[in-house]
Structures are given as C-alpha cells and as structure tokens.
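The values are calculated or read from the model by the stated rules, or taken from the named source; none is laboratory data. Values in this document were obtained by computation on a predicted structure and should not be read as measured data. Heads up, the Cβs are rebuilt from the backbone with ideal geometry, glycines too, and the neighbour counts pull from every protein chain shown.
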Amino acid sequence: MNVQLPHKVRLLKKLRRVVVKIGSSLLSDHQRIDRARLEALVSDLCVLHDRGLDVVVVTSGAIASGVARMGLKSAPKTIPERQAAAAVGQISLMAAYETFFAARGKLIGQILLTGDDLADRRRYLNARHTIETLLAARVVPVANENDTVAVEEIKLGENDNLSALIATLVNADLLIILSDVAGLYTRDPRAHRDAELIELVEHPTARILSYASNSAGPVGTGGMASKMNAARKAALAGIATVIADGARRGVLQSIIDAQVAIGTLVLGQGDRLARRKHWIGYTLKPAGTVVVDQGASDAITQRGRSLLPKGLREVHGNFGVGECVRCVDPRGAEFARGLVNYSAAELEKIKGLHSTRIEGALGYKTTDEVIHRNDLVLTETDEFEG
C-alpha cells in the first residue's frame, strides 16, 4: 500500500518551488568528487526545471572536493584545515555544477551563506531578493554554507539546517534532502537488518525523532538526526520534506510522481508559520534566556499575550535591545523565543515591576512590553541529538 499517495497528490497539485539538498556523502568517494553521480543528479534536476518548477540546490561537497584538489590523504581534522580545503574545493565544485548544467542549457548562480547572514534581518531579506531574482530569470541558484569562514556550521552538519532555512526563505512547497540512505528507519539499517523504512511522518514527534541515527559518514557532517531536525523546521513553516537515497537513478522524478512511494515523506504542518516568526524562532541564535513566572507563561502560550516585566523573574546572558532570547517557565522548559525591547542590564532593573514603574526604574520607558506578542514565537525545542 502506498501510504504517501493521497498526500503526494495534494502536494503535487500546488507544487511550484522545490529546494533540493545534496549531501557530500553522495558526491564524494572519499578521494574526489564523483562527477558521474553529480552529472546524473544535475540531469534529474533539469527534468524538474524543464517541467516549469523553480529549483534551488543546496549542495555540500566543497571540503571533499578540496581534499582531492590539494592531494590530501585523509579528511582534514582541524577547523583551519577544513576551511582551507573548502576554499579550494568550492571553486572546482561549482565548476562541475556549471559544466553539467550548461550542457543542458541551464544557467546557475552561486549563493554562499553563513548562519550570521541569515540571522541578520537585512541580509536575510537581501538573500531572499537575490534568490527570487535568479528564479524569475529561470536561473538555478546553487547554495552552500560558506565553509571558509563558518566555524560552528562546519562542525554541526549545518547544510541540512541551511536547506530548511532556505526552503523557508524562498517559501518553497517541498524540501528534498538527498543522502546515502533511503530515508528514516526504525533502526540504523546499516547495523540492523530488521530495520523498517518509515514512509510517512505526519507529525515529527519526539518519538519519531528518536528513530534518527546520528551516524554521519567520514565525509559528511550531518546524520539522520540532522536531517529530521531540518524536516521538522520545514514542517513548522508548512513545508513538506522528502528524505531519500540520492544514489537511486531518477530519484527526483520518482519523488514528484504521486504513484511512487520513495523515501520518507514528512508532511508540512497545516498552519504555516509566518516567515518572520519562523526566522525569529528557528533561524536566530538566542543571545540569552529569561525566566518567567507561571502566570506569564500561561498568558503567552494560552492567550497570545506579550511578555511584561511583571512576569519576569530571572535574566541570563548579556544581550542588547532587539536580540533574540529564550523564554523558559519556572521549571526551566523553553516555550517561546522572542526579540527583546530592553537590554539584559535594563531587564535586571525592571523585572517583576508593573509596566507603569519602568520609567521610574530606568529614567525612561521605550515600551510597556519586554517582548511584544508580534515578536514572540511559541517553540518546540525537543530536537534529537542522536
């Protein structure tokens, strides 16, 4: 029975824009970029493009490509070595993409991003405008983490996360994550023969996430946990995700064929979180934490209220006005994230006070709210670590 069928039929009716993430484990055999594999994937991507779909590619492989170009005998271990390999490899990786796309009459555009780029609202919007302009011109944007400068991202398998953020950025209808495994299994299929493929995930719950294995290969940096967390972020933006084996011939054509069940389909959630709120909750890195009392927590989560200083109990971190903070309840459980209207130092002075007393405590008052409800996002933070 094809459990994906009814969901894919609905999805394909509205399918206009696709983000495809290609993992480094697909593109490298540990010594060099597998050009035959890359060419096959580009051919598949062009089929989607020829059907009139907007296609955005998020690619890994710069470091692996650099290892081969520099003649290194093994994958670099230190961050500077990995950054150097990425600097060399990004050129040859993009040259290969350009060659294979050009042979099929397609033009590509390179997009290099870091977490900092997407955390800055102006740069975030600039990135969106650039990609939208490329798509309007029928150019295929090929995005990658800027591994030459992104330290933390290199260590965290960030291109899975990047693909979810870009899918949200461009308001995609579908995110496809191609890897060296066929999807999410009940157990690691490389270690357990009785592992079963989970073909459909309607809600990415903690139980479902617990099936993910964090066993990244020697070339890649992100395991199944990273992919499922990316799918979960996309789902919260109303975007469906398919995780599938990129080595399968014609994999992308199979994914957009409703009659074919392939990989793991993670459904988008019904209420699509506004892009700005998704940016606050799932792109920005919190600069600190505020602890609120139970009354404030209930007012925010159950009645959609703003956070006022009266409900504030503790302030942790050294953050400034406009930065993102975690909101936790008295038990320490995070329930929201938001942009603060006062700095940490200011909040220390006004915590627990009624809003009418802010000016007396500070000598001025910017606003009544610590975080306005328009800048608050309820969060689910049970990401699986593997």
Residues in the range 334-383 that are more than 14 Å from L308 (Cα to Cα), of a type in the set (V, I, T) and surrounded by fewer than 17 Cβ atoms within 10 Å (Cβ to Cβ): how many? 1
Residue hits (the range 24-53; within 14 Å of G105 (Cβ to Cβ), among the hydrophobic types (A, V, I, L, M, F, W, C) and more than 24 Å from the chain's Cα centre (by Cα)) are V47
Condition (residue is over 27 Å from G338 (Cα atoms), under 15 Å from the mean Cα position of the chain (by Cα), among the small types (G, A, S) and modelled with pLDDT of 95 or more) applied to the range 125-146: is it met by at least one residue? yes
Quick one: which of I358, I300 is in contact (Cβ under 8 Å) with a residue 60 or more places away in the chain and more than 23 Å from D117 (Cβ to Cβ)? I300
Scanning the range 66-90 for residues that are free of Cβ contacts under 8 Å to residues at least 12 places away in the same chain and surrounded by 14 or more Cβ atoms within 10 Å (Cβ to Cβ) gives E81
With the checklist (1) closer than 30 Å to A212 by Cα; (2) surrounded by fewer than 22 Cβ atoms within 10 Å (Cβ to Cβ) in hand, flag the one item C324 doesn't pass. (2)
Looking at (1) closer than 20 Å to L267 by Cα; (2) modelled with pLDDT under 85, can you tell me which one V151 breaks? (1)
Out of everything in the range 333-354 that is of a type in the set (G, A, S) and within 25 Å of the chain's Cα centre (by Cα), what residue ends up being nearest to N374 (Cα to Cα)? G338
